[in-house]
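Nothing in this text is a laboratory measurement; each read-out follows from the coordinates by a stated rule. Note that the coordinates shown come from a computational prediction; the quantities given were computed from them, not determined experimentally. Positions of Cβ are generated from backbone atoms using ideal geometry, with glycine treated the same way; all protein chains shown enter the neighbour counts.
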Amino acid sequence: MQKETLSLEEISNYDFTTIIWFAAPVMFILVALEAYFSYKQNKHLYHTKDFFASLSIGIGNLLLNGVLKLGVFAFFLFFYNWTPLKIPHTWWSYVLCFFALDFFRYWSHRLAHEQRFWWSTHVVHHNSEYYNLSTSFRLSWTQNLKIIFFLPVILMGFHPFVFLVVHQIEVLYQFWIHTEYIGKLPKPIEYIFTTPSHHRVHHSKNEKYLDKNYGSTLIIWDRMFGTFQEMEEKPVYGITKPIKTYNPIKLVFHEWQAYFKDMFKAKSLKDVWQINFGSPVDYHKEELEKSAKQ
């Protein structure tokens, strides 16, 4: 029996990016409305320079993804054609893929907070001290390195188009939870899905909120693996070692700069391991304590 394979030309015929282009106008309208009401109600949810930094980072991410699209396709196709498993391209394959992908997105997100190397690919999403819909635009230009975390989903035999569509929907879901205008939702929703109140906890640097609520679309993984935290006190947004700049390039790469600087200074394999896989929170606490003593 001949093994079913796909070519890059075949998968390129699927334009999964259509979803984002349909959603983009709605997203910009909602950002404009939120900014308008924030101004009228004197809520100070937006800062002009911070907003344009988020917008620049988002546009840069879109352009970069456009350039890398064929490379991402080729990566997925190689492993899809390699795995002996194949899940039929049907409506229920999207449902199965959603649960599988959401599970691995939880773990990739968690590791991006708990290990410094992966934190470098994610920190830009958290270094704003404002929390609004435009904050969702802050997607790292190096986040495609985390593609390896999603290999198990492809190896399960999901069609690459199924994976890419579900992944795009999960990314778009993140948009609406970046707001302070939506309070707590009915309990069944709050128990199952990641909501704005859950994600406000995730974006804060309050001691009790650090490393909590990693869920992408479903919050059930946090409840299962002990990383769930209800919102109890007012969140203070940002990172434990703030960076005072609105330069999008510095915002994206400041942690990479610090990472490589420390790698060059490493004196042992233990140092290398700690720099790569140690907690960024612990690292920055040590740096702040050293600064305070000087």
Here, T240 and M263, labelled 7 Å along Cα→Cβ, have an inter-label distance in nm of 2.2
Note to self, the chain gives a 222 nm [θ] from helices alone (DSSP H runs n ≥ 4, -39500 (n - 2.57) apiece, / all residues, nearest 500) of -19000 deg cm²/dmol
Once amide hydrogens are built 1.01 Å from N within the peptide plane, the residues lying 5 or more places from L218 or on another chain with amide H under 5 Å from its amide H are T194
Under Stokes-Einstein, the chain at 20 °C and 1.002 mPa s, with its Kirkwood radius over C-alpha pairs, diffuses with a coefficient in µm²/s of 105
The pairs in K40/K244; K43/K234; K205/K244 lying past 21 Å Cα-Cα in this model are K40/K244
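Given the convex hull over the Cα atoms of the stretch 20-126, what projected area results after averaging over all orientations, in nm²?
Numbers: hull surface 40.0 nm².
In nm², the orientation-averaged hull projection of the stretch 20-126 is 10.0.
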Honestly the stretch 133-289 on the Cα gyration tensor test (a ≥ b ≥ c root eigenvalues; a/c under 1.5 rounded, otherwise a/b vs b/c for prolate or oblate) is just oblate
Between the alpha carbon centres of the stretch 166-231 and the stretch 71-127 the gap in Å comes to 19
So, relative contact order of the stretch 8-225 in percent, Cα under 8 Å, 6 or more apart, is 25
Classified through the alpha carbon gyration tensor (a ≥ b ≥ c as square roots of its eigenvalues; rounded if a/c is under 1.5, else prolate when a/b is larger than b/c, else oblate), the stretch 139-186 comes out prolate
In debye to the nearest 20, the charge dipole size for the chain, taken about the Cα centre with +1 at each Lys and Arg Cβ and -1 at each Asp and Glu Cβ, equals 620
Between F99 and E207, the FRET efficiency computed from the C-beta separation at R0 = 22 Å comes out, to the nearest 0.05, as 0.10
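Using the beta-carbon distance between Y181 and E230 and R0 = 30 Å, what value does 1/(1 + (r/R0)^6) give for FRET efficiency, to the nearest 0.05?
After rounding, the FRET efficiency stands at 0.95.
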Dividing the alpha-carbon radius of gyration of the stretch 201-279 by 2.2 N^0.38 Å, where N counts its residues, gives 1.38
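Loop sites only, by DSSP: take the trypsin sites (Lys or Arg not before Pro) in the chain that have at most 16 other C-beta atoms within 10 Å and name the longest stretch containing none of them.
Details: sites that count: K3, K43, K86, K184, K244, K267.
Between the exposed loop sites, the longest stretch runs 87-183.
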Share (percent) of C-alpha pair distances in the stretch 53-109 greater than 13 Å works out to 75
